[in-house]
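Chemist: One structure, as structure tokens, below. Some questions next.
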Amino acid sequence: MGPSYSWKTFAQRTTIADLPLDVLLDCFLFMELKSLIISRCVCAEWREFVPRAPLLRERRRLLDLHYGIINTDYFLKTHDYALEHLRPFDRQAYVNNFISQHPALPDDFRLWILEWPSSVVIHGMWPGVNWLATPQVSALVYHVGTPDVGFIPGILIWRTPDVATWLILDERPHLFGRVISLSTSGRPNDEWGFEGTVVADWNDWVEYLVVEWNRSTMNSNPVNRPYYTEIPLSDIRYRGCVTPVIIKPEYIPPPPWSYRHEGIFQL
């Protein structure tokens, strides 16, 4: 008969390294993005475990994107600017604000807001760095020129004089979670039916972030990306600097989603 051990003795002798591999990998499933990032730095063995763990697809893609970003020289060029201009905000309250306006929010966008490291800013896009300071779900005109014309919900992602980029919240499978850039002066696109020509589109939020990061690395001046704010309409906020400009009527953003039934916005 072998020696007997009390539970206390057993607990003292058991470490995480004693767990079966499948159980250990499952532990990573319950970690948020920040913990996963730190886990990759614990030791060489854990660095190998994290890519093998059964993570949520959206969290896996964000983790891979983060790893790809921080291992570039371009990240170092933008890091100081991000740290200098970061402003604190309540992430959960920010997400809740969107949900109070429209209940469906893409999982990858939600995870990005809640878990993405604030110091890793992609092309100026982060609520704490002069971007989407006021979370608003807007009403975009859809199926222009047809009997089915109506509003669909979207979040304004970025704006220039010629192009507005939107995250679409309409729950139809071919629309929900897509990111679409619309020309503010173009004609409606027959295929999409938006009020403006679709000049680019991405399948989801993470795909858009990957493209934006790759595009930003080709910019010789990493901190100069203009963003045209909604209020006041007579100003352009250019990385914290305000320059007077003339805003044409077609630049005025769509109404808030909650106003879509108001008489002035009836189609």
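Chemist: Does residue 33 satisfy the criteria of being in the same structural domain as residue 108 (by TED's automatic domain parsing) and within 21 Å of residue 214 (Cβ to Cβ)? Walk me through it before giving the result.
Modeler: Numbers: in the same structural domain as residue 108 (by TED's automatic domain parsing): no; within 21 Å of residue 214 (Cβ to Cβ): yes.
Considered against the rule, which asks whether it is in the same structural domain as residue 108 (by TED's automatic domain parsing) and within 21 Å of residue 214 (Cβ to Cβ), residue 33 comes out as no.
Chemist: Let me ask you something else. Just to verify a result, which residue in segment 76-104, among those that are hydrophobic (A, V, I, L, M, F, W, C) and touching a strand residue (DSSP E or B) at 6+ places or on another chain (Cβ under 9 Å), is nearest to residue 155 (Cα to Cα)?
Modeler: The first filter runs over segment 76-104 and keeps only residues hydrophobic (A, V, I, L, M, F, W, C), leaving 76, 82-83, 86, 89, 93, 95, 98-99, 104.
Keeping just the survivors that are touching a strand residue (DSSP E or B) at 6+ places or on another chain (Cβ under 9 Å) gives 98, 104.
Working: 98: 9, 104: 12 Å.
Looking at residues that are hydrophobic (A, V, I, L, M, F, W, C) and touching a strand residue (DSSP E or B) at 6+ places or on another chain (Cβ under 9 Å), I get 98.
Chemist: Please specify each residue of segment 200-216 satisfying the condition of being surrounded by fewer than 16 Cβ atoms within 10 Å (Cβ to Cβ) and not hydrophobic (A, V, I, L, M, F, W, C).
Modeler: Here is the first cut: in segment 200-216, the residues surrounded by fewer than 16 Cβ atoms within 10 Å (Cβ to Cβ) are 200, 203, 211, 214-215.
Of everything in segment 200-216, those that are surrounded by fewer than 16 Cβ atoms within 10 Å (Cβ to Cβ) and not hydrophobic (A, V, I, L, M, F, W, C) turn out to be 203, 214, 215.
Chemist: Continuing with the same structure: Name the residues in segment 149-168 that are more than 10 Å from residue 182 (Cβ to Cβ), assigned to a strand (DSSP E or B) and at pLDDT below 85, would you?
Modeler: 150, 158, 159
Chemist: Residues to consider are 76, 62; find the one that is in contact (Cβ under 8 Å) with a residue 12 or more places away in the chain, of a type in the set (A, V, I, L, M, F, W, C) and either touching a helix residue (DSSP H, G or I) at 6+ places or on another chain (Cβ under 9 Å) or assigned by TED's automatic domain parsing to the domain that holds residue 177 (or both).
Modeler: On the way: 76 fails: in contact (Cβ under 8 Å) with a residue 12 or more places away in the chain.
Being in contact (Cβ under 8 Å) with a residue 12 or more places away in the chain, of a type in the set (A, V, I, L, M, F, W, C) and either touching a helix residue (DSSP H, G or I) at 6+ places or on another chain (Cβ under 9 Å) or assigned by TED's automatic domain parsing to the domain that holds residue 177 (or both) holds for just one of 76, 62, which is 62.
Chemist: Continuing with this model, one more query. Which one is modelled with the highest pLDDT, of the residues in segment 36-83 that are among the small types (Gly, Ala, Ser) and surrounded by 12 or more Cβ atoms within 10 Å (Cβ to Cβ)? Step through it out loud before you land on a result.
Modeler: Of all residues in segment 36-83, those among the small types (Gly, Ala, Ser) come to 39, 44, 53, 68, 82.
Still in the list and also surrounded by 12 or more Cβ atoms within 10 Å (Cβ to Cβ): 39, 53, 68, 82.
Details: 39: 84, 53: 86, 68: 91, 82: 77.
Among them, the one singled out is 68.
Chemist: Could you check how many residues of segment 99-118 are within 16 Å of residue 35 (Cβ to Cβ) and over 9 Å from the mean Cα position of the chain (by Cα)?
Modeler: Within segment 99-118, residues that are within 16 Å of residue 35 (Cβ to Cβ) and over 9 Å from the mean Cα position of the chain (by Cα) number 4.
Chemist: Residues of segment 38-67 being within 19 Å of residue 212 (Cβ to Cβ) and in contact with a Phe, Trp or Tyr (Cβ under 8 Å, 6 or more places away or on another chain), which ones?
Modeler: Those that are within 19 Å of residue 212 (Cβ to Cβ) and in contact with a Phe, Trp or Tyr (Cβ under 8 Å, 6 or more places away or on another chain): 62, 65, 66.
The values are calculated or read from the model by the stated rules, or taken from the named source; none is laboratory data. All values derive from a computational prediction rather than experimental measurement. Positions of Cβ are generated from backbone atoms using ideal geometry, with glycine treated the same way; all protein chains shown enter the neighbour counts.
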